[in-house]
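Down below is the structure, laid out as structure tokens.
The values are calculated or read from the model by the stated rules, or taken from the named source; none is laboratory data. Owing to the predicted nature of the structure, the values given are computational and were not obtained by experimental measurement. When we count neighbours, we look across all protein chains shown, and the Cβ atoms used for this are built from the backbone with ideal geometry, even at glycine.
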Amino acid sequence: MIIVRSVLFAAALLVATAATAFAQSSDDVIAAPVLRANVTVADDVVRIGDVIDNAGTAAQIAIYRAPDLGTTGSLPTTQLLTALQAHQVIGVDTKDIKAVSVTRLSRAIEVKDIQSQVAHALEHRGGLGEAVNLSLTFDRDLQEVQLEASFSGAIQPVATRYEPRNGRFDVSFEVGSENNAKPTRLRFTGTVIETLEAAVLTRDVQHGDILKSSDVMTERRTKTEVGSDAAVRNLAVGMQMRRQARAGQALRVADLAKPDLVQRDDNVTLIYESSGLYLTIRGKAMENGTEGDVINVTNLQSKRTVSGVVIGRGQIAISVATPRLPPASDTSSVGSAEAAPVSVASSTSSSVAQKAE
């Protein structure tokens, strides 16, 4: 009886094992290769495993060159199936896909990033100023740079040359790779000039004109044109021109002055003020003056010429000398004076003489 049971158990185990093997074999048959509609690749070739699922041992076989870095190409399905059959990959489920889109991964360095990197490499070299004020002209038209996706390191300047006499620059960078490959090198050449934001006239102005908001705009001009004392718009508005200038001309600080609050021959108010005293008198200015200037004015009441400080439009402050009071008498000195001896003889003689006359 025991022997029969053992035989039956062995038979059952054999049947179960055979069923499992059959199921696994069935799974292998069912897992047919399936086409992908969209593919991304990081290498310079397209492999079978990139375009189909369940490629098995054929996955690493290269069948096409990849598109250029950062670009997308298209593989017609019929052409792709022919390439797969050449490597014994058959029975591919195409899912009615007409073409496979293949995109090559990359790291893109935009034009604005290149300009920024070069400007910072040149900053403060050979008398140049801040990077934001540097205007670059490249020898070749600047275009976006595409690198292999693995070059994900920082952009590091490794060689920087600048010639102040002609403004020429030659800057090289290196970009490291995450897989320890040799860094890739980028080189840029061209010319650089320093520019500044300057206040620029929108109309012709005359000496003495007060600048309004509409008279001035902001433009970038070369440092050689405006020098180191370029005026900025927000400080130029409301100022008075020291000289005549044409529209489009950049203003310098030396071109501007505080506006005159007093003009020659203007009627003005003279203000006399001291402790306990505040007096205003009409006067006439004898010269122009801005705030803080000391000018000569005529007191129309006394007809005298005095000097005063311009403190506002048509207002002149006249300093008043504070009178000096005599020192207080010393009580002890008075007492001593009263006690001092008087020459009686002299006074008596005088009196006698007067009586005799």
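The one condition from (1) exposed (fewer than 14 other Cβ atoms within 10 Å of the Cβ); (2) of a type in the set (Lys, Arg); (3) more than 30 Å from Gly70 (Cα to Cα); (4) touching a residue at least 24 places away in the same chain (Cβ under 8 Å) that Arg165 does not meet is (4).
The residues of the stretch 49-63 that are free of Cβ contacts under 8 Å to residues at least 24 places away in the same chain and within 14 Å of Ala86 (Cβ to Cβ) amount to a single one, Ala62. Kindly evaluate Arg187 against the criterion of being over 30 Å from Ser228 (Cβ atoms), touching a strand residue (DSSP E or B) at 6+ places or on another chain (Cβ under 7 Å) and not in a loop (DSSP other than H, G, I, E, B). Answer is yes for this residue. Checked across the stretch 119-132, the condition of being more than 22 Å from the chain's Cα centre (by Cα) and in a loop (DSSP other than H, G, I, E, B) holds for no residue. Look at Thr195 and say whether it is surrounded by 16 or more Cβ atoms within 10 Å (Cβ to Cβ), outside the structural domain of Pro67 (by TED's automatic domain parsing), touching a residue at least 24 places away in the same chain (Cβ under 8 Å) and assigned to a strand (DSSP E or B). The answer is yes for Thr195. Scanning the stretch 270-309 for residues that are over 21 Å from His207 (Cα atoms), touching a residue at least 40 places away in the same chain (Cβ under 8 Å) and touching a strand residue (DSSP E or B) at 6+ places or on another chain (Cβ under 6 Å) yields a total of 3. I want to confirm something. Restricting to the stretch 37-57 and keeping residues that are within 23 Å of Gln88 (Cα to Cα) and part of a strand (DSSP E or B), which single residue is nearest to the chain's Cα centre (by Cα)? Looking at the filtered set, the residue picked out is Val41. Among the residues making up the stretch 75-96, those that are without any contact (Cβ under 8 Å) to a residue 60 or more places away in the chain and not in a loop (DSSP other than H, G, I, E, B) are Leu75, Pro76, Thr77, Thr78, Gln79, Leu80, Leu81, Thr82, Ala83, Leu84, Gln85.
Inclusion of Gly91 among residues that are surrounded by fewer than 16 Cβ atoms within 10 Å (Cβ to Cβ) and outside the structural domain of Ala159 (by TED's automatic domain parsing) is warranted.
At pLDDT 95 or above and either outside the structural domain of Phe173 (by TED's automatic domain parsing) or exposed (fewer than 12 other Cβ atoms within 10 Å of the Cβ) (or both): does that describe Ser101? For Ser101, the condition - at pLDDT 95 or above and either outside the structural domain of Phe173 (by TED's automatic domain parsing) or exposed (fewer than 12 other Cβ atoms within 10 Å of the Cβ) (or both) - is met.
From the list Gln156, Gln60, Gln146, the one residue that fits, being loosely packed, with under 14 Cβ neighbours inside 10 Å and not in a loop (DSSP other than H, G, I, E, B), is Gln156. For the structure I just gave you, tell me whether Ala32 is farther than 30 Å from Thr184 by Cα and either part of a loop (DSSP other than H, G, I, E, B) or in contact (Cβ under 8 Å) with a residue 60 or more places away in the chain (or both). Yes.
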